[in-house]
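Inspection log for the structure reproduced underneath, given as structure tokens.
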Amino acid sequence: MESLTHLYKIGMGPSSSHTMGPHQAAVQFAANYPQAVSFRVTLYGALAATGKGHLTDFTIKEALEPHRIEIVWEPTVFLPRHPNALRLEALDKAGHPLGSQIFYSIGGGEIRTDAQDTPAYPSVYPHTSMAEILAYTAARKMLLWEYVEECEGPAIWDYLITVWHTMQRTMARGLEKRGVLPGSLNLERKARRYLHNAEQAPQYLRRMNNLFAYALACAEENAAGCEVVTAPTCGSCGVVPAVCRQIKEIYEFEDLTVIHALGTAGLFGNLAKTNASISGAEVGCQGEIGVACAMAAAAACQLEGGDNRRIAYAAEMGLEHHLGLTCDPVDGLVQIPCIERNAMAASRALECATYALISDGEHRISYDDVLSAMMQTGRDMKKKYRETAKGGLAHFFKKGLLRFKRRPHLPHLGRVKKK
């Protein structure tokens, strides 16, 4: 497995697969053709189906400025390697091709090419399953975060403190902002109002309301195209930060304790990325929100004193109870149902951690088992339920059965145009 520095990525929303990945591909490709006068970019499959709502064309044009760029949309053409594919072509003054390359945006901001059959980055972890990791740590009486440090080196904590600070800044911004999000749905930001309501609520409701506000704050910042951390993706970026902040405030933990929990959470995200998928276009939202819930449940269980077996149990439940979750973004935007799902998954993560803590840690279904089940479920899922905005809630919206007051598409408020 790769370093956690390739799981927790700091970048701009609203989608790690539709904005971060294509942006990286465009920058990488353009560097090989400094003599190019213009570029043609063809988007395929799910990348084309929801690319406009996910600002794929915007981020590609941003990456290729000041060249002339042509975007070709092919939402019904799926390349065999991955549903999120794009072909970049460099053109000379006469419009003749200088070269071309196909990239695949595989989730979490990662890209691959046809020439890459193996991960793009070297493996730093000697084990590739949770069963192996649990056996190894049990034999050496190690905690999971200590295993992360052994494999990654102590420098990983420097990176994760930057990640944690970025998560906190994202929450702080989201809790301050009001108004509507960019796009066609006229969706109001709710995080600030939820936080205010939490302060007025009875004590027994306050903590839950705070948790919702924290998750909404991150998810709304992502929907606006602002800076977030993939955990494991942009669309699910609010779950882990909300849970970690909630527990930190309750127990008054130091940041070091929280980043140790982020390290443990990252193990479960890395296993999902390695052995299954974190791409909504490949396995549906179970690979995004489901994995985020597993990561947050693991972090919460560790922060509340769980041992390695209970932590693994909490993570397994977090993913198991999201199996089959479809990716059906209304109007192709990372807003409905995506934003609320972050809040719901944060709540479920705490429940899974609590359930695991009062158990003896024994469970029939392992985390490895549920990853295999998730991948098979994703393969069995119809394409329309995998980030194409053609199935589920998105389908009913297109038929006019779900009604929203439309307004003109707003500029991408979260980004600052490069000079």
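The values are calculated or read from the model by the stated rules, or taken from the named source; none is laboratory data. Just so it is clear, the model here is predicted, and its values are computed rather than measured. Here Cβ is always computed from backbone atoms with ideal geometry, including for glycine, and neighbour counts include all displayed protein chains. Quick note on the areas: whole protein, heavy atoms, side chains included, nothing else; ligands and nucleic acids left out. Shrake-Rupley method; radii C 1.70, N 1.55, O 1.52, S 1.80 Å.
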Take segment 178-191 and flag every residue that is open to solvent by 60 Å² or more (accessible area, probe 1.4 Å) and small (Gly, Ala, Ser). none
Looking at 326, 354, which is the one that is under 15 Å from the mean Cα position of the chain (by Cα), open to solvent by 10 Å² or more (accessible area, probe 1.4 Å) and not acidic (Asp, Glu)? 326
Quick check on segment 206-213. Is at least one of its residues within 21 Å of residue 16 (Cβ to Cβ), open to solvent by 10 Å² or more (accessible area, probe 1.4 Å), within 22 Å of the chain's Cα centre (by Cα) and touching a residue at least 12 places away in the same chain (Cβ under 8 Å)? no
Scanning segment 48-100 residue by residue, the ones that are surrounded by 23 or more Cβ atoms within 10 Å (Cβ to Cβ) and on the phi > 0 side of the Ramachandran plot total 1
Residues within segment 258-305 that are open to solvent by less than 10 Å² (accessible area, probe 1.4 Å) and in a loop (DSSP other than H, G, I, E, B), tallied: 4
Expected single match for in contact (Cβ under 8 Å) with a residue 40 or more places away in the chain and not small (Gly, Ala, Ser) among 162, 113 is 162
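Output the residue which, of all residues in segment 73-121 that are of a type in the set (Ser, Thr, Tyr) and out of contact with any Asp or Glu (no Cβ under 9 Å at 6 or more places or on another chain), is nearest to residue 20 (Cα to Cα). Break it down stepwise before answering.
As a first pass, look at segment 73-121 and keep what is of a type in the set (Ser, Thr, Tyr): 76, 100, 104-105, 113, 118, 121.
From what's left, out of contact with any Asp or Glu (no Cβ under 9 Å at 6 or more places or on another chain): 76, 105, 113, 118.
Numbers: 76: 22, 105: 9, 113: 16, 118: 20 Å.
In this case the residue turns out to be 105.
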Out of 11, 53, 99, sole residue that is small (Gly, Ala, Ser), touching a Phe, Trp or Tyr at 6+ places or on another chain (Cβ under 9 Å) and in contact (Cβ under 8 Å) with a residue 40 or more places away in the chain: 99
Looking at (1) open to solvent by 10 Å² or more (accessible area, probe 1.4 Å); (2) under 21 Å from residue 395 (Cβ atoms), which one does residue 45 not meet, given that it meets all the others? (1)
Name every residue in segment 338-383 that is in a helix (DSSP H, G or I) and of a type in the set (Val, Ile, Thr), in order of residue number. 339, 354, 370, 377
Residue 233, sole failed condition from (1) part of a helix (DSSP H, G or I); (2) under 20 Å from residue 332 (Cβ atoms); (3) out of contact with any Leu (no Cβ under 9 Å at 6 or more places or on another chain): (1)
For segment 306-323, enumerate the residues that are touching a His at 6+ places or on another chain (Cβ under 9 Å), open to solvent by less than 10 Å² (accessible area, probe 1.4 Å) and hydrophobic (A, V, I, L, M, F, W, C). 312
